[in-house]
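The values are calculated or read from the model by the stated rules, or taken from the named source; none is laboratory data. It should be emphasised that the depicted structure is a prediction, and the values quoted were computed from it without experimental measurement. FYI the Cβ positions are ideal-geometry reconstructions off the backbone, even for glycines, and counts take in every protein chain you see. Note: areas computed on protein heavy atoms with side chains; ligands, DNA, RNA excluded. Shrake-Rupley method; radii C 1.70, N 1.55, O 1.52, S 1.80 Å.
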Amino acid sequence: LMFEPLASLDAPALIQRLSVWTSRPIPQDGARVRGQFVLREGEEMWGVLASGCDETWTRERAAKLLAAADTYWSDWVGKLRYTGPRADRVMRSALAVHLLGHAGDGAVVAAPTTSLPERLGGTWNADYRLSWVRDNSIALATMTQLGDVATAERYMDWLAGVAGDREAPLQPLYKLDGSRDA
């Protein structure tokens, strides 16, 4: 496991401490951690990568939160309605769209990536954490047809809040904070 320090991001306001916990020791070298393990049948190793979290981790806590996440996602998928062709792929796509929802306010991001170089070794990095109104309207109309009305309602509440007091009533895309300076 290896991670780089977050100091290279362009948006200092978004920088949070990134911490790694594992159930087996991993050597640390400055801002890097690296570990290699061979697990035998019946053995396990737990690992948690957390952002902005000062809580103490244990195997039991990690297992409890993993079980809670599994229950949440199983329950969420269980509420969707689709019985047509390729139902498993439709559900996976719905999961992906739901994961693109910004938990803070309901915005839906175009992609959960940032700082991808335009070309290897280049200096310009793309930031795709934007919310495109057209793309989201298509995705959320589909989610509504599948039975997930709540996600569409959260997005519409967010969109009404960011678009209501602008010179132009609706922009093609917004930053997650609602600004149109994208």
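Quick check on my filter: what residues within segment 20-55 are part of a loop (DSSP other than H, G, I, E, B), open to solvent by 80 Å² or more (accessible area, probe 1.4 Å) and modelled with pLDDT under 85?
Hits for segment 20-55 are Pro27, Arg34, Gln36, Asp54, Glu55.
Checking the conditions here, which among Gly84, Gly78, Gly104 is more than 25 Å from Ala160 (Cα to Cα) and open to solvent by 40 Å² or more (accessible area, probe 1.4 Å)?
Gly78
Six or more apart or on different chains, Cβ atoms under 6 Å: show the pairs whose first residue is in segment 40-60 and within 14 Å of Arg24 (Cα to Cα) and whose second is among the small types (Gly, Ala, Ser).
Met45/Ser23; Trp46/Ser23; Trp46/Ala62; Val48/Ala62; Arg59/Ser23
Ala94 is checked against (1) of a type in the set (Gly, Ala, Ser); (2) over 14 Å from Gly147 (Cβ atoms); (3) in contact (Cβ under 8 Å) with a residue 12 or more places away in the chain and fails just one. What number does that condition carry?
The one condition Ala94 does not meet is (2).
Restrict the check to segment 140-152 and report whether at least one residue is touching a residue at least 60 places away in the same chain (Cβ under 8 Å), under 20 Å from the mean Cα position of the chain (by Cα) and open to solvent by less than 20 Å² (accessible area, probe 1.4 Å).
yes
Here are some conditions: (1) open to solvent by less than 50 Å² (accessible area, probe 1.4 Å); (2) touching a strand residue (DSSP E or B) at 6+ places or on another chain (Cβ under 8 Å); (3) closer than 30 Å to Val48 by Cα; (4) not in a helix (DSSP H, G or I). Ala111 meets all but one. Which one does it not meet?
Failed condition: (2).
Could you tell me which residue of segment 3-19 is modelled with the highest pLDDT, considering only residues that are in a loop (DSSP other than H, G, I, E, B) and either polar (S, T, N, Q) or open to solvent by 100 Å² or more (accessible area, probe 1.4 Å) (or both)?
Arg17
Would you mind stating whether Thr58 is open to solvent by 60 Å² or more (accessible area, probe 1.4 Å) and not hydrophobic (A, V, I, L, M, F, W, C)?
No, not satisfied.
Of all residues in segment 114-139 being in a helix (DSSP H, G or I) and of a type in the set (S, T, N, Q), which is most open to solvent (accessible area, probe 1.4 Å)?
Residue satisfying both the conditions and the ranking: Ser137.
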